[in-house]
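Taken together, the values in this text are just the output of simple stated rules run on the coordinates, not laboratory data. Just so it is clear, the structure is predicted and the values come from calculations on it, not from any experiment. Here the Cβ positions follow ideal geometry from the backbone for every residue, glycine too, while neighbour counts run over all protein chains shown.
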Amino acid sequence: MENVELYIRSIDGAHELNHTLRQGDVLRVGRAPKAGLAIVWDAKVSREHADLYWDGERLHVKCAEAARNPIVYDGQVGKTLSIYEGDQFRIGETTFGVATNVLRAETEIFAGQEGPDSINDDVMEQAYTSGELHDVSFANAQHQMELLSDLPELISQSRSDEELAFSWLVSY
C-alpha cells in the first residue's frame, strides 16, 4: 500500500487526529514538533517525541533522543517499534493506530478501547509521603518496590546528579 491512515486518540477519547502517511515519508510527532504533527493534549508526549515511517507494509516508530517516555506495544516498552496494519501502540496517554482502509480503521482500530482504565491497566500511579515511607517495614519487599515507582520519573526529569539527589531528598 502506498499510503496508510494514522489514527491518533487520547485515552479518554476527547481528542483525535487523523493523518495520511505516504510511503517513504517520515512524520515527526510530539507535543510541539518544529515540523510534524502536534499531540498538544498529552503532557507525557515530549515536544519532539518520535519519527514514524511507513514502508508500504509496516509502520516503523523510533523515539527521538530527548523523548522521555517510551513506546508501549502489547504490554512491552521500548524506543523503537515496527507494526502492521490494524495494530496500535501508545505513547503517554495517547493511542496510535494504523490502517490502509479508512472504514476498517474507524470501526476496528479502537474497538477495544473503552477509556482510560482499559488502556492503562499495566500502570498505576501512586504517591507516598515521607511518613508513609518510614512506616513501612523493610521485610515487605513488594511494598518497598511500589514506593520506589516514582524513581524513574525523578531520574528522567533531572538534568544532573545534584538535581537528582535534591529531588530524591525532597520527595523522601
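What is the distance, in nm, between label points placed 7 Å from the Cα along the Cα-to-Cβ direction at Ala32 and at Asp161?
Here the answer is 3.3 nm between the modelled labels.
With +1 on the Cβ of every Lys and Arg and -1 on the Cβ of every Asp and Glu, and nothing else charged, how large is the dipole of region 3-114 about its Cα centre, in debye rounded to the nearest 20? Don't skip to the end; give the middle numbers.
Details: 13 positive and 17 negative charges, 103 e Å.
With only Lys, Arg, Asp and Glu charged at Cβ, the dipole is about 500 debye.
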